[in-house]
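> Once you've had a glance at the structure underneath, I'll fire off some questions.
The values are calculated or read from the model by the stated rules, or taken from the named source; none is laboratory data. Nothing here was measured: the structure is a model prediction, and the numbers come from that model. A quick note on method: Cβ atoms are made from the backbone with ideal geometry, for glycine too, and the neighbour counts reach across all protein chains shown.
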Amino acid sequence: MTAGIARHTTQGVSDARVSVHPFTTDDGLGLHLTRFHREDCEDVVLLVHGLTSSSDIYVMPEIPNLAGHLLDRGFGDVWTVDFRMSNRYPYNTEPTAHTLDDIAHFDHPATLAELRRHIGDRRVHVVAHCLGSVSFTMGLAAGTVTGVSSMVAQSVSLIVKVPAWSRWKLEVLPTLLGRGLGMRGLDPRMAAAPRFTPDWAVSRLLSLAHPECDNSACHVISSMWGTGWPALYRHTNLAPETHDRIADLLGPTGLHYYLHMRKMARAGHAVRDDPADPRHAVLPADYLAHADRIDTPILFLTGEHNHVFGESNVVCHRELSRHRPAQYEVAVLPGYGHLDPIIGKNAHRDVFPLISDFIERRAS
């Protein structure tokens, strides 16, 4: 327990009936949905997290959270999913090389199938963050995900552009850490490793490069993703309790996802990790080339100070609008970065109304 808040708590949404719904993907992973239910409604919202986080980012008790905001706005049936990227599972740090193709092919379709088992043919609206957003839009482009009435893509989607320093890290660090130091991944809690081990030493070095705060987990996270001090958010946008428990909200990950992201960063957009992999023969090698298949209205959100994916969503909005201009919207959030539009202490005033307004306009 950090900052007095239990890990994986649902107490941030205490005024709804909470139930957990396990399901299994076609490639054999156990995942789960969590339902926050006040009343049945025609428009159901599904919240999708990103890499190293979990459904926790949507139900944080120390701030007015997105799940609670949506319930208060009249969306009485809100669901979160923990898929294979969730830090609630061990999958991120296992030797198995999971990719975003696995998620687009197996996780998101299985999630929607389980959701539909409970809600029937009611309208589904999706809010997805970071690589959850990338993989979900990949599913839309591939046709593995269908029947979604609207989507909010937070920070990044099919276009993948990263700062120069981040690009260098993607090119060099997976090989350096994996083959050079024998490390299988990165963990915000590396500072707690035994002294003089590779994890401990890397954490110490990263903290030397990040004098902006005294939280070693924050330093590691800024090095794992993005370019900045800090990289994922602006300190002034976080409640002190959130900053104190950032390692609870953002967990460890293996190096395999970085390898897939490296290929996407090189291409500038979402591409299949291994075009020769027979398991994913139904997926396109180039997802952006199939973006004209997407018939789901999308709001592309991004922070003004997004130091992880820059203007990726602005560019994606421009590219996809060439196919269906009335279907897509974009919003650049003044004063925000990559993750603080979700976990920021004032996001309920500055960001969440944009999300719920968009869903309301598409709820027909």
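> Just one of 255, 301, 333 is of a type in the set (A, V, I, L, M, F, W, C) and modelled with pLDDT under 95; which is it? First the steps, then the outcome.
On the way: 301 fails: modelled with pLDDT under 95; 333 fails: modelled with pLDDT under 95.
Being of a type in the set (A, V, I, L, M, F, W, C) and modelled with pLDDT under 95 holds for just one of 255, 301, 333, which is 255.
> If the requirement is being closer than 18 Å to residue 162 by Cβ and either modelled with pLDDT of 95 or more or buried (at least 18 other Cβ atoms within 10 Å of the Cβ) (or both), which of these qualifies: 210, 235, 269?
On inspection, the qualifying residue turns out to be 269.
> Given the criterion touching a strand residue (DSSP E or B) at 6+ places or on another chain (Cβ under 9 Å) and among the polar types (S, T, N, Q), identify the matching residue among 96, 9. Spell out the reasoning first.
Details: 9 fails: touching a strand residue (DSSP E or B) at 6+ places or on another chain (Cβ under 9 Å).
Residue meeting the stated conditions: 96.
> A further question on this structure: For the range 170-181, what are the residues that are modelled with pLDDT under 75 and under 17 Å from residue 92 (Cα atoms)?
Residue satisfying the conditions is 178 alone.
> Residues of the range 92-102 being in a helix (DSSP H, G or I), farther than 15 Å from residue 55 by Cβ and not acidic (Asp, Glu), which ones?
93, 100
> Another question, if that's okay. Report, ordered by the first and then the second residue, all pairs with beta carbons closer than 6 Å, sequence separation of six or more or different chains, a first member in the range 232-251 that is of a type in the set (Gly, Ala, Ser), and a second member that is surrounded by fewer than 23 Cβ atoms within 10 Å (Cβ to Cβ).
Going by the 6 Å Cβ cut-off, the qualifying pairs are 239/62; 239/63; 239/345; 247/189.
> Here's something else I'd like to know. Does residue 85 fit the bill of being within 30 Å of residue 287 (Cα to Cα), touching a residue at least 12 places away in the same chain (Cβ under 8 Å) and in contact with a Gly (Cβ under 8 Å, 6 or more places away or on another chain)?
Here the answer is yes, as residue 85 does meet what is asked.
> Going through the range 267-285 one residue at a time, which ones are of a type outside the set (A, V, I, L, M, F, W, C) and closer than 18 Å to residue 106 by Cα?
In the first step, residues of the range 267-285 are kept if they are of a type outside the set (A, V, I, L, M, F, W, C); the result is 268-269, 272-275, 277-280, 284.
Within the range 267-285, 272, 273, 274, 275, 277, 278, 279, 280, 284 meet the criteria.
> So, one more: Mind telling me which of the residues 183, 138, 190, 151 ends up being touching a Leu at 6+ places or on another chain (Cβ under 7 Å) and crowded, with 24+ Cβ neighbours inside 10 Å?
138
> If we scan the range 147-155, do we find a residue that is out of contact with any Lys or Arg (no Cβ under 9 Å at 6 or more places or on another chain), without any contact (Cβ under 8 Å) to a residue 24 or more places away in the chain and either among the hydrophobic types (A, V, I, L, M, F, W, C) or at negative phi (or both)?
Within the range 147-155, none of the residues are out of contact with any Lys or Arg (no Cβ under 9 Å at 6 or more places or on another chain), without any contact (Cβ under 8 Å) to a residue 24 or more places away in the chain and either among the hydrophobic types (A, V, I, L, M, F, W, C) or at negative phi (or both).
> Which of the residues spanning the range 28-73 are crowded, with 24+ Cβ neighbours inside 10 Å, among the β-branched types (Val, Ile, Thr) and under 22 Å from residue 339 (Cα atoms)?
45, 48, 52, 59
> Let me ask you something else. I'd like the full set of residues that are in contact with a strand residue (DSSP E or B) (Cβ under 8 Å, 6 or more places away or on another chain) and part of a loop (DSSP other than H, G, I, E, B), limited to the range 211-267.
Listed by number, the residues that qualify are 245, 252, 255.
> A further question follows. Considering only the range 198-207, I want to know if a residue exists there that is in contact (Cβ under 8 Å) with a residue 40 or more places away in the chain, assigned by TED's automatic domain parsing to the domain that holds residue 240 and basic (Lys, Arg).
Taking the range 198-207 and keeping what is in contact (Cβ under 8 Å) with a residue 40 or more places away in the chain, we get none.
No; the residues of the range 198-207 include none that is in contact (Cβ under 8 Å) with a residue 40 or more places away in the chain, assigned by TED's automatic domain parsing to the domain that holds residue 240 and basic (Lys, Arg).
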